[in-house]
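A short worksheet on the structure shown next.
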Amino acid sequence: MLQTTEFALLRRVAAEQAEGRAPSLVAAVVRGADVLWTGARGQVDGAAPTADTQYRIGSITKTFIAVLVMRLRDEGRLDLNDPLDKHVVGTPYGHLTIAQLLSHTGGMTSEAPGPWWERSVGTDWPALLDQVDETVLKHRAGARFHYSNIGYGTLGQLVAELRGTSWLDALNTEILAPLGMSRTTPMPEAPAARGWAVHPYADVLLPEPAPDTGAMAPAGQLWSTANDLARWLRFIAGDSGTVLHPDTVEEMRAPAVVDDAATWTSGYGLGFQVWRDSGRRLAGHSGSMPGFVAYAVVDPATTTGALTFANSTSGVGVTALGNDLLKLVDDYEPALPAEWRPLTEASPDLLALTGSWFWGPSPFVLRLMAGGWVELRPASGGGRGSRFRPTGAGEWIGLDGYYAGETLKLHHHTDGTVSHFDLATFVFTRTPYDPKAPIPGGLDDGGWRPGD
């Protein structure tokens, strides 16, 4: 990057480490497949940490659990509307759906019963379940966002039961190995930072424990590096390799619930935190465990992202730091628009469908995209519109916007010429209220006429 950009980034990292009194801090900026910049302050074992130094990533672990669950969904092993007890029996919250657990909308308590689970050696699933009763339910299911660590401990058990193996084995086989994330592990592997608590009124340190949290591990056990999580940010932005279809990743990024209803700057999807900031739609997750704080965020529109790690229990604003790094890069060296290239193939039949269509008197424009996809948007640019992926001859499925999940179907006259599109019962024709098309409710026999 430009020297001015790199200095601005380092200055922000240095200020956070000094003012937050972090024993060490590592940050990175990524774009696409590239790590554009890394910076570090403080020391780990007498030396500056690097992009290969492990830090505990806390609740960023939840994003991996969510991907394992969505893989099961895409394989047809479960439905997001399934109640939990269809797959994991014996809980007092078996009526909650998989989607509610993923999005923290099940109304469950935030923490596991018993001692502070993040600083305690964990139990196995049966022992954890023995401590849980109906008091775990704090809100009506679906009523609100209420972050639940025990909900993600449960999802880890769901993965284990449906896979017939541990969630860690599933994680290694299905995600980490395919993505080449060899430095993401359940326990620290050198070089790794030690977790510290910094005294609030003196510059002295207290070591924090880093136990195996057992059945609660899916909520925050993992350790990782800036290099490994750079690949994970690419995944969240849509470069998901063979692990998950990009459409599913996009589904996970869609806000399922708003966290701050008054302003709607943050919310939660299906395993990813989502934010709105300065006109950008961001996705990722924050994380904390005793001795550590971490943050991973990416703008899927530009694939620019930021990573921040510190080995301090509190006092270090890694979330604000990550957002500032992202903004600095966007301001100093914004991502260039993707280079336009013509389609490598275009069916003449599909080309013939492009152009103006009308929903009643309202003009729309149909555009042809790569792979036989089409985009239908109001001619004015505002209002209902979506992209559609082909699912068969003359049929497409909506991917986003108002018509997400709806089928766009092409119809022909008996002579083979195009009649109309049907979209969720709406009829789109080549001319406004085409009398040759089956317009719902019929058309006045007098047709179009001047006003009085």
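Quick grid of which residues meet (1) of a type in the set (Lys, Arg); (2) surrounded by fewer than 16 Cβ atoms within 10 Å (Cβ to Cβ):
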site	(1), (2)
122	no, no
133	no, yes
140	yes, yes
165	no, yes
179	no, no
197	no, no
214	no, no
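For the stretch 316-340, filtering for residues that are farther than 20 Å from residue 2 by Cβ, part of a loop (DSSP other than H, G, I, E, B) and at pLDDT 95 or above leaves 2.
Applying the criterion of being in contact with a Gly (Cβ under 7 Å, 6 or more places away or on another chain) and touching a residue at least 12 places away in the same chain (Cβ under 8 Å) to the residues of the stretch 79-102, the residue that is surrounded by the most Cβ atoms within 10 Å (Cβ to Cβ) is 101. Just a yes or no: is a residue in the stretch 396-419 over 13 Å from residue 360 (Cα atoms) and among the basic types (Lys, Arg)? For the stretch 396-419, residues over 13 Å from residue 360 (Cα atoms) and among the basic types (Lys, Arg): present. Scanning the stretch 174-199 for residues that are more than 21 Å from residue 102 (Cβ to Cβ) and either of a type in the set (A, V, I, L, M) or without any contact (Cβ under 8 Å) to a residue 12 or more places away in the chain (or both) yields 177, 181, 187, 190, 192, 193, 197, 198, 199.
Please determine whether any residue of the stretch 195-216 is outside any helix (DSSP H, G or I), under 30 Å from residue 23 (Cα atoms) and hydroxyl-bearing (Ser, Thr, Tyr). Checked against the condition, which is being outside any helix (DSSP H, G or I), under 30 Å from residue 23 (Cα atoms) and hydroxyl-bearing (Ser, Thr, Tyr), the stretch 195-216 yields at least one hit.
When 405, 383, 441, 416 are checked against the criterion of being within 16 Å of residue 353 (Cβ to Cβ) and assigned to a loop (DSSP other than H, G, I, E, B), a single residue qualifies: 416.
For the stretch 253-282, the set of residues classified as touching a Leu at 6+ places or on another chain (Cβ under 9 Å) and surrounded by 19 or more Cβ atoms within 10 Å (Cβ to Cβ) consists of 253, 256, 268, 269, 270, 271, 273, 274, 275, 282, listed by residue number. Of the residues making up the stretch 235-252, those that are assigned to a helix (DSSP H, G or I) and either out of contact with any strand residue (DSSP E or B) (no Cβ under 7 Å at 6 or more places or on another chain) or surrounded by fewer than 20 Cβ atoms within 10 Å (Cβ to Cβ) (or both) are 235, 246, 247, 248, 249, 250, 251, 252. As for the stretch 345-353, it holds at least one residue that is surrounded by 13 or more Cβ atoms within 10 Å (Cβ to Cβ) and at pLDDT 95 or above.
The values are calculated or read from the model by the stated rules, or taken from the named source; none is laboratory data. Remember, it's a predicted structure, so these values are computed and weren't measured experimentally. Glycine gets a Cβ as well: all are built from the backbone with ideal geometry, and neighbour counts include every protein chain shown.
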